[in-house]
Amino acid sequence: MTRALVTGGAGFLGRNLSERLQADGYEVVALDNLSSASPLGVPDGVEFIEGDVIEPPEIAGRFTHIYHFASPASPPRYLTDPIGTMRTGAEGTRHMLEWAERDDAVFTFASTSEIYGDPLEHPQQESYFGNVDITSPRACYDEAKRYAEALVHAFHRSGRHTRTRIVRVFNTYGPGMSPDDGRVVSNFLVQAIKGEPMTIQGDGTQTRSFCYVDDLIEGIIRLSRSEVALPVNLGNPNEITMLELADRVAEIAGDPGKVFTDLPQSDPKIRRPDISRAVELLDWKPVVELADGLVETHQYFKQVLAG
Ligand code: UDP
């Protein structure tokens with residue numbers, strides 16, 4: 001019997017992961033404090049427990065797998081709760097590691113490309129140490145995830161719990177996102193649907209590389225089933241500027257025009273994953289083209305907004 005606990009199981013990635021695990025025959029329990037829940041909710045058949053990883057509730061029975069995905073994840077969300085974000089990364093991750101140790105469960109941790117900060121190496125390999133300004137507002141998220149990764153390594157290296165996996169998630173989009181999440185793909189699509197100008201932060205020349213959620217989930221599943229304890233980048237190396245992204249959204253959803261706003265402090269100028277490790281060790285690479293993923297996500301947001 002495989003039984004998985006997904007922390008953050010009501011959020012964008014957690015609910016997509018829960019759905020996939022359930023389809024694969026797992027019994028799934030989602031633990032979430034509902035601070036940034038997906039409009040789709042927890043999938044039918046997944047047991048939902050409201051609670052916070054900072055002070056986790058008791059849940060009866062043993063888990064064979066723990067997927068620790070609970071955390072505010074979009075910049076507007078973590079910037080409004082910096083201390084809670086740090087406590088989730090630090091205290092929450094320790095609690096979940098101890099839980100995995102007790103149950104001897106495979107522990108898969110959702111880390112992030114943000115641990116590379118505003119990168120000086122491009123594309124980013126897992127060996128890159130990163131460039132995070134500890135005094136910047138974003139540091140609450142970046143450093144919480146860096147600490148949490150280091151904690152996973154410490155459990156692994158000390159032998160306390162060696163069945164650990166670390167995925168460094170790069171920008172991901174798709175059905176299940178919240179319209180008010182504040183990330184760029186959801187913002188542009190929702191703005192286009194509402195006929196409001198797309199908000200370009202800065203001059204729009206900064207880059208990101210967007211991965212469709214189904215591709216990411218496939219990579220997470222492969223990683224958790226592997227024996228790979230090293231951190232693994234999962235993302236789509238197809239890099240574009242925010243101006244190009246706005247043009248792609250306009251082609252699909254109609255062009256509502258653009259408005260330029262201030263660039264947030266310490267916003268990374270470039271980001272693209274080097275996925276050679278995932279290709280080599282997991283035989284994984286993303287297959288969904290941005291144009292196709294945006295069409296799916298546009299349809300999804302139209303349904304959510306029609307309510
Ligand atoms: N961005 C933008 N308009 C928006 C939201 C974000 O131009 O309405 C930019 C943001 O400045 C960043 C990029 O899009 O350079 C990606 O932002 P997002 O919040 O999606 O994710 P991040 O990679 O920064 O965590």
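Just a few scattered comments:
- Fewest-first sequence of 34, 223 by Cβ atoms within 10 Å of each Cβ: 34, 223
- Fully extending the segment from residue 1 to residue 54 would add 16.3 nm, taking 0.36 nm per residue of separation and subtracting the current Cα-Cα distance.
- Stretching residue 260 away from residue 134 to a fully extended chain increases their span by 42.6 nm, per 0.36 nm per residue minus the current alpha-carbon distance.
- Cα-based shape type of the chain, given that a ≥ b ≥ c are square roots of the gyration tensor eigenvalues and the cut on a/c is 1.5: prolate
- Here the spin labels are modelled as points 7 Å beyond Cα on the Cα-Cβ line, and at residue 162 and residue 241 they lie 5.0 nm apart.
- Each label point was placed 7 Å from the Cα along the Cα-to-Cβ direction; for residue 122 and residue 80 their separation is 3.2 nm.
- Cβ crowding within 10 Å, taken as a proxy for footprinting-reagent exposure, orders 242, 96 from fewest neighbours to most as 242, 96.
- Ranked list, fewest to most other Cβ atoms within 10 Å of each Cβ, for 135, 108, 207: 135, 207, 108
- Mean residue ellipticity (222 nm) of the chain, computed from DSSP H runs ≥ 4 via -39,500 (n - 2.57), nearest 500: -11500 deg cm²/dmol
- Residues considered: 180, 274, 142. Largest GNM mean-square fluctuation over the chain, using C-alpha springs under 10 Å, is found at 180.
- C-alpha center-to-center spacing [segment 191-224, segment 38-88] in angstrom: 21
- Near residue 41: Cβ cut-off under 12 Å, other residues only, Lys/Arg at +1 and Asp/Glu at -1. The net charge is -2.
- Rounded to the nearest 10 degrees, the angle from helix 12-23 to the longest Cα principal axis of the chain is 60 degrees.
- Pairwise Lys count, the chain - Cα closer than 30 Å, eight or more residues apart or different chains: 9
- The local environment of residue 170, defined by Cβ-Cβ distances under 9 Å, has a net charge of +4 under the rule Lys, Arg +1 and Asp, Glu -1.
- For the pair residue 251 and residue 225, label points projected 7 Å from Cα toward Cβ lie 3.4 nm apart.
Laboratory data are not the source of any read-out in this text; all were calculated from the coordinates shown. Quick caveat, the model's predicted, so the values are computed rather than measured. Every residue, glycine among them, receives a Cβ derived from its backbone with ideal geometry; neighbour counts consider all protein chains shown.
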